[in-house]
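FYI, it's all coordinate maths here, none of it is from the lab. Note that the structure is predicted; figures quoted are calculated from it, not measured.
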Amino acid sequence: MKKRIFNAFIAATITAGVLIFVGIVGFFMMIPPVIYFFSLTIKLLGISDGGSFFYVIAFWSILAFFVSLLLSPKPNKV
């Protein structure tokens, strides 16, 4: 069980790192799909304050944690 939680934590960390990199590069270079993805997530979450970039990263990281936890193989009981 500990290994499953650790792997899910790693998946969430990688997701957060990728979103931070893509978000920063995408907003500075004004790449339309990146801006559309972040604005769609902000609308989905119903956020209207200034920290919305970090809320988007937190939302997808938490989602990646639980999806990774659900999809990881369960240990066999012998």
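Just a few scattered comments:
- Compared with the direct C-alpha span, the chain from L71 to F9 gains 21.0 nm at full extension, assuming 0.36 nm per residue.
- The angle between the Cα long axis of helix 52-71 and the main principal axis of the chain comes to about 20°, on a 0 to 90 degree scale.
- Within the set [x] 78, 29, 22; [y] 38, 26, 18; [z] 54, 24, 18, the number that Cα extents along the principal axes in Å takes when calculated for this structure is listed as [z].
- The relative contact order of the chain, computed from alpha carbon pairs under 8 Å that lie at least 6 residues apart in sequence, is 51 percent.
- Extension gain for F27 to L45 (0.36 nm times residue separation, less C-alpha to C-alpha distance): 4.5 nm.
- Pairwise Lys count, the chain - Cα closer than 23 Å, eight or more residues apart or different chains: 4
- Degrees, to the nearest 10: 32-45 long Cα axis against longest axis of the chain: 70 degrees
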